[in-house]
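Heads up, the thing below is written out as structure tokens.
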Amino acid sequence: MSTLHPVSPEFAARARVDKAAYERDYAESVRDPEGFWRRIGQRLDWTRPYTKVKDVSFDVDDFRIRWYEDGQLNLAANCLDRHLAARGDKTAIVWEGDDPNESRRISYRELHAEVCKAANLLTNLGVKKGDRVAIYLPMIPEAAVAMLACARIGAVHTVVFGGFSPDSLAGRIADSQCKLVITADEGLRGGKKVALKINVDEALQRPGTNSVETVLVVKRTGGAVAMQAPRDRWWSALMDGQKAEHEPVAVGAEDPLFILYTSGSTGKPKGVLHSTGGYLVYASYTHECVFDLREDDVYWCTADVGWVTGHSYLLYGPLANGATTLMFEGVPNYPDSSRFWQVVDKHQVTLFYTAPTAIRALMREGEAPVKKASRASLRLLGSVGEPINPEAWEWYWRVVGDGRCPIVDTWWQTETGGILITPLPGAIDQKPGSATLPFFGVKPAIVDAAGAILDGATEGNLVITDSWPGQMRTVYGDHQRFIDTYFKTYPGMYFTGDGARRDADGYYWITGRVDDVINVSGHRLGTAEVESALVAHPKVAEAAVVGCPHDIKGQGIYAYVTLKAGETPSEELRKELVAWVRKEIGPIASPDFLQWASGLPKTRSGKIMRRILRKIAENAPDQLGDTSTLADPGVVQNLVDERLAR
Ligand code: PRX
């Protein structure tokens, strides 16, 4: 068992939530969720106050999740307008460019004006409440402006990570039938250009995407792009003529705010839909408590806006709280691996939130790049996206935080909208590698395979037994899939897809996904997605993909590929297939290992036994377990013999 890091007395003395408050408020929040969330909901400005708070049933035959149902509000007004009187000149966004010489500070007043202009622009282009807008932008302020402008007019945004391929973008546009796409000429990351507009052009040639009427293009690099009239329009030219005032559209608490596509165990990525009121209550409240937010903090979340962390904790939570949030266009190792810490010093960052994969990559570079910067402004560190191994935790704590900053290891998911299990920095002693205890109102439980709730210190599957305001409401366009995916496995409970252990202190330790989802550098991928990309190649007959341990990425992608009769494996073909997957899905899906397989282990009914493939990929052939149910046990030995030497 690793070292216990108790709450530091200095931190506890001025923490927003101390031990006694956590215990008292947590008990209240689960005893009387209605009363608790009625009170917390008041943190937002509602144009029509809610009278109802919670209406939830996880019963699959009588299913509903509704929070603050009869309330009305506008999300952008909560993130901007209401701060103008007291914080108009406060910096809302500190933007740090890919190039260390480029940065900007945008005040709440300036951001408000830009968002009003963009809201007018979208309205003039015919975008109305409920319409879907795809945002495929790099980490530039326009991404925030575009998201907030959609929210201001009640349009539903779907942000697509700039690293996704034209096909992935097309799939998302087609599924949500977007009317408009907002993109840039090119992105800039680590000194390299990303061909965003070219990708959009390609995506819009795919079937199912002709719902798109307009493409707005932000000029980022000035690189040459083809503008197709009348579809493509320059963002800045149109923004120039817009008024900087705009009356925010009142939106029902349960009206959709955004769709974000995420991978599941089967099929194509699903459109996780979040609604407005409960989501913002939850994102802002968790942001304030978990990061112990103060008025003068400079908060930096390194996530891209293309992921849920970028929605809840780069943008919406911080801005709803009137905080200063830093948006970084670049990567941790450009121009060198001291970049994060240089940025911390440059902007006097106090709260820093990143992913374990970044910490592990930087850890490999040693302490010198960290020590080159002072980091004296830092007072709290956060981790998100995947389990953090205790070695990385200790390094983060000792080297980055100089043993002074508490670490919040926050467990949550795209589906949960906000953090569910986390230490509160002034209240909960930390154990490296454990996400510790539930946030207010969150009721986790561990169940066995049959769904029986296990008590005490135990291990099993992680479920949440009651709703919280930030919970997703549906899978866009497929409500049944939502119910089937999350509420059928263990009836009456939300199934997270994660395994977890609970120790004698009641602390939760997330052990990773128990389904066919893998977590590569904190990015979620369905093994089925990578498989279907591989079998789309003309030479591939069959493919099976599993996760395998990876020092930096947490999990790597290990693919087993069977070629069609007559095709011969070669190093060249291996490279071609890796490049193919990269092109089909995006660089994050590139297989790390690709093993030729003359056959795959299948049951007599033809189901691939992934358990066995995982063990071979892990190089644990002695733990293959029972192989007697295989149609042809001989394949396994071949695969073990031919396992890639790594
Ligand atoms: O397996 C868990 C892991 O990331 C999954 C959710 O991925 P995604 O929806 O992309 O959201 C990532 C950002 C919230 C979870 O099912 N995960 C996330 N945070 C942690 C984690 N695993 C362990 N510890 C965490 N702190």
Subject >> Asp336-Glu295 FRET efficiency (beta carbon distance; Förster radius 35 Å; 0.05 resolution) >> reply: 0.55
Original post:
Relative to a virtual label point 7 Å from the Cα of Glu102 in the Cα→beta-carbon direction, which members of the stretch 154-194 show backbone nitrogen distances below 14 Å?
Top reply: 184-194
Subject >> Amide N proximity, the stretch 107-129 versus Ala85 label position 7 Å along Cα-to-Cβ, cut-off under 18 Å >> reply: 108-109, 112
**OP:** Put one equal scatterer on each alpha carbon of the chain, apply the Debye formula with no solvent term, and list log10 I(q)/I(0) at q = 0.10, 0.12 1/Å to two decimals.
**Re:** -0.93, -1.38
Original post:
Using a simple spin-label model with points 7 Å from Cα along the Cα→Cβ vector, what separation in nm is obtained for Asn210 and Ser374?
Top reply: 6.2
Original post:
So how much slack lies between Glu365 and Arg231, counting 0.36 nm per residue of separation and subtracting their Cα-Cα distance, in nm?
Top reply: 43.6 nm
Subject >> Sequence-distant residues sharing a close amide H with Gln430 (under 5 Å, placed H) >> reply: His5, Val7
Subject >> Placed amide H near Val540: partners under 5 Å, 5+ positions off or other chain >> reply: Lys564
**OP:** Multiply the residue gap between Asp70 and Arg31 by 0.36 nm, knock off their C-alpha separation, and tell me the result in nm, one decimal place.
**Re:** 11.7 nm
Original post:
Evaluated at 4 °C with a viscosity of 1.567 mPa s, what Stokes-Einstein diffusion coefficient in µm²/s does the stretch 285-357 have when Rh comes from the Kirkwood expression over alpha-carbon pairs?
Top reply: 103
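Using R₀ = 45 Å, calculate the FRET efficiency as 1/(1 + (r/R₀)^6) where r is the Cβ-Cβ separation of Arg398 and Ala457; round to 0.05.
Numbers: r = 28 Å, r/R0 = 0.63.
The computed FRET efficiency comes out at 0.95.
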Original post:
Hey, if we sort Met227, Met609, Met147 by accessible area with the 1.4 Å probe, largest down, what's the order?
Top reply: Met227, Met609, Met147
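Starting from the stretch 546-591, pick out the GluC sites (Glu not before Pro) whose DSSP state is loop and whose Cβ has at most 12 other Cβ atoms within 10 Å.
Passing both the DSSP loop test and the Cβ count: no residue.
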**OP:** Can you tell me the FRET efficiency between Lys583 and Arg43 if r is taken as the Cβ-Cβ distance and R0 is 45 Å, rounded to the nearest 0.05?
**Re:** 0.50
**OP:** Specify the inter-centroid distance of the stretch 584-646 and the stretch 176-193, based on alpha-carbon positions, in whole Å.
**Re:** 37
**OP:** Evaluate 2.2 N^0.38 Å with N set to the residue count of the stretch 92-241, then give the Cα radius of gyration divided by it.
**Re:** 0.99
**OP:** Considering Cα pairs under 8 angstrom that are at least six residues apart, work out the relative contact order of the stretch 66-116 and quote it in whole percent.
**Re:** 33
**OP:** Report the semi-axes of the equivalent ellipsoid for the stretch 311-421 in whole Å, largest first, where each axis is √(5λ) for an eigenvalue λ of the Cα gyration tensor.
**Re:** 22, 17, 13
Original post:
Per-residue accessible area for Phe11 at 1.4 Å probe radius, Å² rounded to 10?
Top reply: 20
Subject >> Loop-located GluC sites (Glu not before Pro) in the stretch 212-273 whose Cβ has at most 12 other Cβ within 10 Å (DSSP) >> reply: Glu245
**OP:** Would you mind classifying the stretch 212-360 by shape? Square roots of the alpha carbon gyration tensor eigenvalues, ordered a ≥ b ≥ c; an a/c under 1.5 is rounded, otherwise it is prolate if a/b is larger than b/c and oblate if not.
**Re:** rounded
Subject >> Proximal lysines relative to Lys243, as straight alpha-carbon distance under 19 Å, when same-chain residues fewer than 8 apart are discounted >> reply: Lys117, Lys128
Original post:
What is the extension gain from Ser598 to Glu23, computed as 0.36 nm multiplied by their sequence separation minus the C-alpha to C-alpha distance, in nm to one decimal?
Top reply: 201.3 nm
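Pairs of alpha-carbon atoms within less than 8 angstrom and 6+ residues apart define the contacts here; what relative contact order does the chain have, in percent? Mind dumping the intermediate values first?
Numbers: 1435 pairs, mean separation 86.0, N = 646.
Relative contact order here is 13 percent.
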**OP:** Convert each backbone phi in the stretch 7-20 into a coupling constant with the Karplus relation 6.51 cos²θ - 1.76 cosθ + 1.60 (shift: θ = phi - 60°), then list the ³J(HN,Hα) values in order as whole Hz, x for Gly and Pro.
**Re:** 4, 6, x, 5, 5, 4, 4, 10, 5, 4, 10, 9, 4, 5
Original post:
Toward the positive end of the charge dipole of the chain, about the Cα centre and with charges on Cβ (Lys, Arg +1; Asp, Glu -1), which of Thr474, Thr357, Thr276 goes farthest?
Top reply: Thr276
Original post:
What shape does the stretch 1-109 have by the C-alpha gyration tensor, where a ≥ b ≥ c are the square roots of the eigenvalues, rounded means a/c under 1.5, and otherwise prolate means a/b greater than b/c and oblate the rest?
Top reply: oblate
Subject >> the stretch 120-224 - percent relative contact order, Cα under 8 Å, separation 6 or more >> reply: 29
Original post:
Considering only protein heavy atoms, what per residue accessible area in square angstrom results for the chain with a 1.4 angstrom probe?
Top reply: 37
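What does the convex hull of the alpha-carbon atoms of the stretch 137-226 project to on average, in nm²?
Working: hull surface 22.0 nm².
Taking the Cα atoms of the stretch 137-226, their convex hull projects to 5.5 nm² on average.
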Original post:
If you average over every viewing direction, what projected area does the convex hull of the Cα atoms of the stretch 459-612 give, in nm²?
Top reply: 12.3
Subject >> Partner lysines for Lys346 [C-alpha distance under 21 Å; skip if fewer than 8 residues away on the same chain] >> reply: Lys90, Lys371, Lys372
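The values are calculated or read from the model by the stated rules, or taken from the named source; none is laboratory data. As the structure is a prediction and not an experimental result, all values here were calculated from the model. Using ideal geometry, Cβ is built from the backbone for each residue, glycine included, and neighbour counts are taken over all protein chains shown. In case anyone asks, the SASA skips ligands and DNA or RNA and just uses the protein heavy atoms, side chains included. Shrake-Rupley method; radii C 1.70, N 1.55, O 1.52, S 1.80 Å.
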